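The values are calculated or read from the model by the stated rules, or taken from the named source; none is laboratory data. Note that the coordinates shown come from a computational prediction; the quantities given were computed from them, not determined experimentally. Positions of Cβ are backbone-derived with ideal geometry, glycine not excepted, and every protein chain shown enters the neighbour counts. Surface accessibility is based on the protein's heavy atoms, side chains included, excluding ligands, DNA and RNA. Shrake-Rupley method; radii C 1.70, N 1.55, O 1.52, S 1.80 Å.
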Amino acid sequence: MEKMIIEGGRRLEGKVRVSGSKNSALSTLVASLLIRGKTTFFNIPRIGDVWTMLEMLRALGVKANFRGEAVEIDATQIDNCEAPYELVKKMRASFNVLGPVLARCGRARIPLPGGCDIGTRPVDFHLKGLQAMGAEIRMEHGYVEAYADSLEGAEIYLDFPSVGATCHLATTAVSAKGITYIHNAAEEPEIHDLFNFLNQAGAHIQYVDSRVIEIKGSERLGEITYRVMPDRMEAGTFMIAAAATEGDVIVEGINPQYLKPVIEKLRETGCEVIEMEDAVRVIGKRPIKPVNIVTMPHPGFPTDMQQPFTALLSIAEGTSMVTETVYDSRFKYLSELARMGADVKVEGRTAIIRGVKELTGAPVTITDLRAGAALIIAGLIAKGRSELSGLENLDRGYEDLESKLTSLGASVRRIREESKECVL
Ligand code: UD1
């Protein structure tokens, strides 16, 4: 088993460039299933979730590989319309191959998904949307079986602006006959990136109103080369880490507009944030002022930044309240943060964080991807040594995290538990 060892108490200083966006990579890789030919991607991060998605595409009979810096997909043929349980269990986003496979093959059999343990995560919006487009859906033995000779454009309303359902249904609707409208759709920047990708390949997708998407279907997509957008969650993680360590970090390769809520909340804590054309500089200041946060769909405060931001607030001078409205259980990591000395209490969907003078290093376990970001930030500010296990959850979404943190001056390394051998 691997562990990450962090010696806390060092300021982060310098420049760091963010990798390609995980969520954008996953949804565009799924969408490449609609292209009966080759797609070449650049800026796809080398992370666990991408390996899982490439494995999923190969399991469907599609050619999908890294070649140097590029990822090459050849979906001329889909040989298999059934997805393996092991892959969908590992990563929820792989469930979204259902619609494209159905559109290409007339049938699909996909297991119900798993993914990070952050609350109940049903797929009812996905299934209702596919049914509205004419799919016949059966649920049997933990699998969703879908049938459709052809899909038709439809009016779809989402009860909540779900990122996954918006991506999945809009991508599927590209192959449906006629026009589809998705109402109360999500509008995260990664969804715009997906639509850019699909439109460049020949689709016609646009927002016709706030949270209303129009997809003109029946388009035959052509081969393209596409560069996915940078990862705003990775950028946010470095920005919060800079603030927490009283550091001075320039996070490069990111449009500050995508990070507005995080930038504004960092300013409220008292730190200085300078927005540049495609970079953000964060200069941490003490004392950290307490702030209140409510997570919301974009352009609200992103739920993915709730966990790392809470680590910062654990050493604020006063009490902060963080309310999670997107997921029903994204506070499990707080018990690990408490092991490092944080004073936290959960009441319903709100975490109450009473700032403490300092955190102390401890052995802790990463339970989901962004819990990993929170515990790393806690480790960076804690006095002494922290030992993080559960690194497979972290590796799902961060590329080269240790080397990037090390280049900023952090003391972070990985060991194998048995031999204490350094594998960096
Ligand atoms: C995506 C992101 C994830 C981010 C999340 C919210 C990817 C690969 N993952 O996850 O990083 O944290 O958006 O910004 O892009 N829901 C239903 N029924 C459904 C679908 C969703 O009730 O059919 C609920 C979920 O349980 C959750 C909420 O809607 O409470 C939001 O989920 P959703 O936006 O779908 O998240 P994901 O797409 O899984």
(request) May I ask you to evaluate 6.51 cos²θ - 1.76 cosθ + 1.60, the Karplus curve with θ = phi - 60°, for each residue of region 177-191 and list the ³J(HN,Hα) values in order in whole Hz, giving x for glycine and proline? (result) 7, x, 9, 10, 10, 10, 9, 6, 7, 6, 9, 4, x, 5, 6
(message) If you count only protein heavy atoms and use a 1.4 Å probe, how large is the accessible surface of residue 317, to the nearest 10 Å²?
(response) 140
(request) Over region 35-153, average the accessible area per residue using a 1.4 Å probe and give it in Å², no decimals. (result) 42
(request) Compute the acute angle (0 to 90°) between the alpha-carbon long axis of helix 163-173 and the principal axis of greatest extent of the alpha-carbon atoms of the chain; round to the nearest 10°. (result) 20
(message) For region 11-59 and region 61-95, what is the centre-to-centre distance using only Cα atoms, to the nearest Å?
(response) 11
(message) Given the options 256, 52, 381, identify the residue whose Cα lies farthest towards the positive end of the charge dipole of the chain (+1 on Cβ of Lys, Arg; -1 on Cβ of Asp, Glu).
(response) 381
(message) Could you tell me the center-to-center distance, by alpha carbons, between region 158-206 and region 325-346 in angstrom?
(response) 33
(message) Net charge within 11 Å of residue 359 by Cβ-Cβ distance, Lys/Arg positive one each and Asp/Glu negative one each, not counting residue 359 itself?
(response) +1
(message) Students often forget the sequence filter, so: which lysines lie under 18 Å Cα-Cα from residue 216 once same-chain residues fewer than 8 apart are removed?
(response) 177
(request) Provide the net charge surrounding residue 18, with neighbours chosen by a C-beta distance below 12 Å and charges set as Lys +1, Arg +1, Asp -1, Glu -1. (result) -1
(message) For the chain, compute the orientation-averaged projected area of the C-alpha convex hull (one quarter of its surface), in nm².
(response) 19.0
(request) Just the number, please: carbon plus sulfur as a percent of the accessible area of region 22-227, 1.4 Å probe, no ligands or DNA/RNA counted. (result) 46
(request) Quick one: angle between helix 48-59 and the longest Cα principal axis of the chain, in degrees between 0 and 90, rounded to 10, please. (result) 20
(request) Determine the alpha carbon to alpha carbon distance for each of 265/357; 3/265; 38/260; 15/38 and list only those over 28 Å. (result) 3/265; 38/260; 15/38
(request) Would you list, by chain and number, the aspartates and glutamates whose Cα falls below 17 Å from the Cα of residue 404, excluding same-chain residues fewer than 8 positions away? (result) 7, 13, 231, 234, 248, 252, 395
(request) Considering the options 62, 146, 337, tell which one lies farthest towards the positive end of the dipole of the chain, charges being +1 on Lys and Arg and -1 on Asp and Glu at the Cβ, about the Cα centre. (result) 337
(request) Report, in degrees rounded to the nearest 10, the 0 to 90 angle that the Cα long axis of helix 369-381 makes with the longest principal axis of the chain. (result) 20
(message) Please give the charge dipole size of the chain, origin at the Cα centre, charges +1 on K and R Cβ atoms and -1 on D and E Cβ atoms. Round to the nearest 20 debye.
(response) 580
(message) List the aspartates and glutamates whose Cα sits under 16 Å from the Cα of residue 332, skipping any in the same chain fewer than 8 residues away.
(response) 117, 304, 324, 343, 347, 368
(message) So if I place +1 on the C-beta of Lys and Arg and -1 on the C-beta of Asp and Glu, and nothing else carries charge, what would the dipole magnitude of region 187-338 be about its Cα centre? I want it in debye, nearest 20.
(response) 280
(request) Might you report the magnitude of the Cβ-based charge dipole of region 284-424 about its Cα centre, with Lys and Arg at +1 and Asp and Glu at -1, to the nearest 20 debye? (result) 540
(request) Add +1 for every Lys or Arg and -1 for every Asp or Glu among the other residues with Cβ under 13 Å from the Cβ of residue 109, and state the total. (result) -2
(request) Before rounding to the nearest 500, sum -39500 (n - 2.57) across all DSSP H runs of length at least 4 in the chain and divide by the residue total; then give [θ] at 222 nm in deg cm²/dmol. (result) -9000 deg cm²/dmol
(message) Cut-off 18 Å, label point 7 angstrom out along Cα-to-Cβ of residue 411: give me the residues of region 229-245 whose amide nitrogen falls inside.
(response) 245
(request) Quick one: what are the phi-derived ³J(HN,Hα) couplings along region 29-35, Karplus 6.51/-1.76/1.60 with θ = phi - 60°, whole Hz, x for glycine and proline? (result) 4, 4, 5, 5, 5, 7, 8
(request) Could you list which residues have their amide H under 5 Å from that of residue 187, counting only those 5 or more apart in sequence or on another chain, with H placed in the peptide plane? (result) 298
(request) With a 1.4 Å probe and all protein chains in place, put 314, 218 in order of accessible area, largest first. (result) 218, 314
